[in-house]
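The values are calculated or read from the model by the stated rules, or taken from the named source; none is laboratory data. These numbers come from a predicted model, not from an experiment. Virtual Cβ from ideal backbone geometry, glycine too; neighbours counted across all protein chains shown. Protein only, heavy atoms only, side chains kept; ligands, DNA and RNA dropped before computing areas. Shrake-Rupley method; radii C 1.70, N 1.55, O 1.52, S 1.80 Å.
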Amino acid sequence: MAKTGYDYAPSSKTLPPVVGPGEFVFSVTGLDHGHIFGQTNGLIDAGGTLKYVYDADSAKMDDFCERYADAKRAESIEQILEDDETICVTSASIPCDRGPLGVRVLNAGKHYFTDKSPFTTLEQLEDARKAVAESGKRYMVYYSERLHNESSMKATELIKAGAIGNVLQVQNLAPHRMSKDARPDWFFDKKSYGGILTDIGSHQFEQFLEFAGATDATVNFARVENFTAPDKPGLEDFGETSLTMSTGASCYCRIDWLTPDGLRVWGDGRVFVVGTKGTMEIRKYIALARQEPGNKLFLVNDEGEQEIDCDGTTGFPFFGEMILDLLNGTETAMTQDHIFKAAELSMIAQKMADENRA
């Protein structure tokens, strides 16, 4: 049970691999965030073959190679970009570096799979759009709060199947534990992480688009604050925003770094969805004050009330679908437009919040 979000790295063999050894070779660079382990687990579980790892910090490479004994140490990022076998480069570098690295990877003729947030500025997003168009390669993003959580994936299935009718509202509560003493300096530098709505918020905007079945949205309100860490003036420990989606659905999220130390996990993440024919609550990580695990979904519709234990029900299909998309030129796992729109909306909301705070 992960006590901090940065070491949350699920793995699941619920679904069979979609490729055999050597059919989808990927390499890793940029080990600044622990999400790289979740990204790597997902690709390996789906049948991907890990080849190279590179980071300028040898201690980070030591840790990675201890976890993944098959990884070969590259001498430079250039060795990965020039490797003919590597189809995809995956990375969890410092957020402000993710966009420029992605453009470099695409221009080298490889697909890119980055941790969220994929960008820290709208200019980086435009550079990536141009690189995708010119290279024909994909810029994929690890929106793990939905893609690497079975209760969220079960909710995705049920909503698409019409279990609650048309979605009218989504409320997403996403508290995180700060673990201030364990964080690197860039965590407290806003230019490095882009702001709390850009960073954690990108998860929530992706869920809004998916659950509402929307392709765009209008940001109505956005706010960020630093309530608890005056010694870290670059930190934002609280953010909230409301949107009206292109479908007419109303969406709201509250995100923070305020999870108390007494909680067993890094955050009591919950999503509430209201539809025309029912309601749904997703409890992602914990059943609060109960010994049983979280990863539950509560559904109410005309057929009655259900409590669904989601462990082992869906696996994590995104990774296999993404591998096949990258090999076959399809868009089953997630469209490029969806990926970029979630990031764009999060940065628009961040800009509004920054202006309101100023």
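Note the full-extension length gain between residue 302 and residue 157 as 0.36 nm times their separation in residues minus their Cα-Cα distance, in nm to one decimal.
50.4 nm
Measure off, as a whole percent, the carbon and sulfur share of the 1.4 Å-probe accessible area of the chain, all protein chains present.
Here it works out to 49 percent.
Near residue 14, within a Cβ-to-Cβ distance under 11 Å, what is the net charge of the other residues, with Lys and Arg +1 and Asp and Glu -1?
My count for the surroundings of residue 14 gives -2.
Please identify which residues in segment 28-58 have an amide N closer than 16 Å to a label point set 7 Å out from the Cα of residue 75, following the Cα→Cβ vector.
In segment 28-58, the label zone of residue 75 (backbone N under 16 Å from the point 7 Å along Cα→Cβ) covers 52-56.
Averaging the inverse of every distinct alpha carbon separation and then flipping it gives the Kirkwood radius. What is it for segment 261-321, in angstrom units?
Result for segment 261-321 stands at 13.1 Å.
Using the Cβ atoms and a cut-off under 15 Å, what net charge is assigned to the surroundings of residue 205, where Lys and Arg are +1 and Asp and Glu are -1?
Neighbourhood net charge equals -3.
Largest first, please: the extent of the C-alpha atoms of segment 32-171 along each principal axis, to the nearest Å.
Largest first, segment 32-171 extends 53, 35, 25 Å along its Cα principal axes.
Going by a ≥ b ≥ c, the root eigenvalues of the Cα gyration tensor, does segment 244-291 fall in the rounded group (a/c under 1.5), the prolate group (a/b larger than b/c) or the oblate group?
oblate
DSSP loop (so not H, G, I, E, B), at most 15 other Cβ within 10 Å: list which GluC sites (Glu not before Pro) in segment 65-136 pass both filters.
Here the sparse-neighbourhood loop sites are 75, 82, 85.
Residues with beta-carbon under 12 Å from that of residue 315, excluding residue 315: net charge, scoring Lys, Arg +1 and Asp, Glu -1?
Around residue 315, the surrounding residues sum to -3.
Over 29 Å between C-alpha atoms is what I'm after, so list which of 13/60; 72/284; 72/130; 51/341; 13/232; 116/154 land there.
72/284; 72/130; 51/341; 13/232
With labels modelled as points extended 7 Å from the Cα through the Cβ direction, what inter-label distance (nm, one decimal) is found for residue 289 paired with residue 59?
Label-label distance for residue 289 and residue 59, simple model: 4.1 nm.
Spelling out what I want: for every residue of segment 46-56, take phi, set θ = phi - 60°, compute 6.51 cos²θ - 1.76 cosθ + 1.60 (Karplus), and round to whole Hz; glycine and proline get x.
7, x, x, 10, 7, 10, 9, 9, 9, 8, 5
For segment 78-139, with every protein chain kept in place, what is the accessible area per residue (1.4 Å probe, Å²)?
Solvent-accessible surface per residue comes out at 38 Å².
Could you tell me the distance between the Cα centroids of segment 44-89 and segment 187-232, to the nearest Å?
30
Can you give the convex hull volume per residue for the Cα atoms of the chain, as a whole number of Å³?
About 129 Å³ per residue, rounded to a whole number.
With a Förster radius of 35 Å, plug the Cβ-Cβ distance of residue 272 and residue 183 into 1/(1 + (r/R0)^6) and report the FRET value to the nearest 0.05.
0.75
What is the mean projected area of the alpha carbon convex hull for segment 286-342, to one decimal in square nanometres?
Mean projected area for segment 286-342: 6.6 nm², to one decimal.
Excluding ligands, DNA and RNA, what is the solvent-accessible area per residue of segment 225-358 at a probe of 1.4 Å, expressed in Å²?
44
Can you tell which of 222, 161, 71 shows the greatest fluctuation in a Gaussian network model of the chain with Cα springs below 10 Å?
Most flexible of the set in this elastic network: 161.
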